[in-house]
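To keep things clear, I will list the structure first and then write my remarks on it.
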Amino acid sequence: MGSKIMAKKKSPNTKDLFDQTDDIEWNKELKPLFKKYAGRKHPLEYKNLYQLLVMVVLSARDSDRNINALAPALFAKFPSMKHLAKATPEDLFPFISKVSNFGNKSQWLTKTAKEIKDDKNIPLTQEGLTQYSGIGRKSANVIMSQMNAPAEGVIVDLHTLRVSPRLGIAQGTNPEKIEKQLMAKVPQKNWHILGMSLTYLGRETCRPTNPKCHECVVNSVCAFYKEQK
C-alpha cells in the first residue's frame, strides 16, 4: 500500500492502537527489527566515552549532523576531561556557538568536567550519569547503550515517541511513561537494542509524514499499518 494513500487517512487514536496489541509477544515479533539494526552505532561520531558524553549533552535539541561537524575542532582543543576541566564556559564558545542553547551547555560541560576530573571517572549507571547537568534518562541510556553497560532503561527520543504509539507497544506522549511501558514489554537484555531499533526505525522508515509502511520489517504487528489498510 502506497504512502500517498495512507497520508490521506485520518490517524487513529493511539489508545485505540494500544488496546489492539495487548496479546502481542513483542520480544518475539520485534526480532526482525533487532536483526536489522543489530550492531548499529548511534549517529554521533564519537571515538571514546568522554567524547560521547560531551556530544550527547551538546546534541540535546540539536542535530547529530551539526554536532558531528563541530566536534573535531572541539576535541582537538579539549581532548579529555582533564583538559575540559581547566576550561571556562567562555572558552567553549568559539567551538560550540552554533549549537542550540550553547551558553547553558558550556556551563554544564565545564562544571561536569571539574566534578569528574578524569575520563576514567565517568560513571556508567543511570544514577551516576544523571547527577550531572544536561544528562537526563535518555542521554544516560544513550551513553550506557553505546558503552555496552548493563541496561537500566530504554532510549526514548523524538523518534521513539512517535514510533511506539504507532506500533501499539506503548501509548501517550510522556517520555518516562513510554519508557516504562517499553521496559515492561521487552526483557531487560534487549532494552538497548530496542531503543536503538525504534530510533532508527523512526529515522529511516516510520517518518512523521508519509511513513514507508510497506518497507517496514514489523508492519505485520503494527497497529497503525493495520488501521490504514
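The values are calculated or read from the model by the stated rules, or taken from the named source; none is laboratory data. As the structure is a computational prediction, the values presented were derived from the model and not from experiment. Every residue, glycine as well, gets a Cβ built from its backbone with ideal geometry; the counts of neighbours run over all protein chains shown.
Against the condition outside any helix (DSSP H, G or I) and surrounded by fewer than 20 Cβ atoms within 10 Å (Cβ to Cβ), how does Ala149 come out, does it pass?
In short, yes.
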Please work out which one of (1) touching a Leu at 6+ places or on another chain (Cβ under 6 Å); (2) in the same structural domain as Lys105 (by TED's automatic domain parsing); (3) of a type in the set (S, T, N, Q) is the condition Thr160 fails and give its number.
(2)
Filtering segment 50-67 down to residues that are in a helix (DSSP H, G or I) and crowded, with 17+ Cβ neighbours inside 10 Å yields Tyr50, Gln51, Leu52, Leu53, Val54, Met55, Val56, Val57, Leu58, Ser59, Ile67
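Which fully enclosed helices (runs of 4 or more DSSP H) of segment 70-118 have 1 or more residues being within 22 Å of the chain's Cα centre (by Cα) and closer than 17 Å to Ser139 by Cβ?
In segment 70-118, 89-96, 102-116 are the helices (runs of 4 or more DSSP H) which contain 1 or more residues that are within 22 Å of the chain's Cα centre (by Cα) and closer than 17 Å to Ser139 by Cβ.
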Report, ordered by the first and then the second residue, all pairs with beta carbons closer than 6 Å, sequence separation of six or more or different chains, a first member in segment 180-202 that is of a type in the set (Phe, Trp, Tyr), and a second member that is assigned to a helix (DSSP H, G or I).
Tyr200/Tyr37
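Mind checking whether some residue in segment 115-130 is under 30 Å from Lys82 (Cβ atoms), of a type in the set (Gly, Ala, Ser) and at pLDDT 95 or above? Spell out how you get there, then give the answer.
As a first pass, look at segment 115-130 and keep what is under 30 Å from Lys82 (Cβ atoms): 115-130.
So of that shortlist, the ones also of a type in the set (Gly, Ala, Ser) come out as 128.
Checking which are at pLDDT 95 or above leaves us with 128.
Yes, because at least one residue in segment 115-130 is under 30 Å from Lys82 (Cβ atoms), of a type in the set (Gly, Ala, Ser) and at pLDDT 95 or above.
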With the checklist (1) buried (at least 21 other Cβ atoms within 10 Å of the Cβ); (2) farther than 23 Å from Glu176 by Cβ in hand, flag the one item Pro94 doesn't pass.
(1)
